[in-house]
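Peer 1: Pasting in a structure now, in structure tokens, and then I'll have a few things to ask.
The values are calculated or read from the model by the stated rules, or taken from the named source; none is laboratory data. Just so we're clear, the structure is a prediction, and the values are computed from it rather than from any experiment. Reconstructed Cβ throughout: ideal geometry from the backbone, glycine too, with neighbour counts over all protein chains shown. Just so you know, the surface numbers come from the protein's heavy atoms only, side chains and all, with ligands and any DNA or RNA stripped out. Shrake-Rupley method; radii C 1.70, N 1.55, O 1.52, S 1.80 Å.
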Amino acid sequence: QAVAGENYHEQWISEGFAQYFALLYAQETRPPDAVDGVFRQMYRSAVDVSDQGPIWLGYRLGHMKGDSRVFRSTVYNKSALVLHMLRRLIGPVAFSRGLQRFYGQSRFRRVGTDDVRAAMEAESGTSLERFFERWVYGSDIPVVRPHWVQEDTATAGADGQAPGGGLLRLILEQGVRVHDIPLTATVVYVDGRTEQVLVVARDAVTEVQVPV
């Protein structure tokens with residue numbers, strides 16, 4: 001409540017952070033399956049109304065049709081999911097420091113999206129221009145086509161035995177309009193073990209190499 005948006009466009013900041021903080025708290029206090037279910041519900045609701053406009057439209061979302069569901073799904077749910085992607089993109093430490101910087105500089109002021117971006121860029125040391133352009137000011141939902149190739153990199157040791165080992169090449173293809181998208185790849189081994197790997201699609205074709 002100590003930070004106010006410059007105008008109606010910036011409603012996503014207060015509502016998105018509030019919604020996302022509730023999710024972070026739930027992750028610490030609720031069963032993982034229950035929290036995953038909430039994420040999926042929020043995702044579906046945001047995608048269903050994505051053609052109604054970006055989160056930056058604020059209260060104008062659904063206003064002409066008198067459909068408050070569009071506002072809730074976008075300004076609350078999609079905003080929280082965008083912040084979740086941002087946290088995964090730059091890492092939890094940089095995200096936390098960026099939030100502290102943003103709050104420290106913004107108390108008792110009216111601020112906007114550029115202030116959030118500047119604070120996160122300062123702490124992460126990376127440009128977030130395209131991320132904010134696509135996810136805050138834009139409304140299109142990207143499609144990622146994943147492919148994978150497994151390569152055997154095992155080499156014979158001194159005893160002539162080949163140690164277990166290999167390389168998994170994950171290939172992520174996007175369309176012409178490229179987004180920055182953090183994704184979770186789950187590697188399933190033949191013995192039933194699973195391993196989750198954070199990968200980020202940044203280009204029209206992104207390749208990530210995972211030792212297995």
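Peer 1: Looking only at residues in segment 38-68 that are of a type outside the set (A, V, I, L, M), within 17 Å of S139 (Cβ to Cβ) and without any contact (Cβ under 8 Å) to a residue 24 or more places away in the chain, which one is most open to solvent (accessible area, probe 1.4 Å)?
Peer 2: Per the stated criteria, the residue is K65.
Peer 1: I need the full set of residues from segment 1-37 which are open to solvent by 80 Å² or more (accessible area, probe 1.4 Å) and acidic (D, E), in order please.
Peer 2: E6, E28, D33
This table checks each residue for (1) in contact with a helix residue (DSSP H, G or I) (Cβ under 8 Å, 6 or more places away or on another chain); (2) modelled with pLDDT under 95.
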position: V70; (1), (2): yes, yes
position: N77; (1), (2): yes, no
position: L81; (1), (2): yes, no
position: L86; (1), (2): yes, no
position: L89; (1), (2): yes, no
position: P92; (1), (2): no, no
position: F95; (1), (2): yes, no
position: Q100; (1), (2): no, no
position: R109; (1), (2): no, yes
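Peer 1: Right, here's the next one. Can you tell me how many residues in segment 165-188 are outside any strand (DSSP E or B) and open to solvent by 50 Å² or more (accessible area, probe 1.4 Å)?
Peer 2: So the count comes out to 2.
Peer 1: So which residues in segment 85-107 are under 14 Å from I181 (Cα atoms) and buried (at least 19 other Cβ atoms within 10 Å of the Cβ), if there are any at all?
Peer 2: Once the filter is applied, which keeps residues that are under 14 Å from I181 (Cα atoms) and buried (at least 19 other Cβ atoms within 10 Å of the Cβ), segment 85-107 yields L86, R87, L89, I90.
Peer 1: List pairs: first in segment 186-212 and closer than 15 Å to W148 by Cβ, second in a loop (DSSP other than H, G, I, E, B) and open to solvent by 90 Å² or more (accessible area, probe 1.4 Å), Cβ under 9 Å, 6+ apart or cross-chain?
Peer 2: V187/R193
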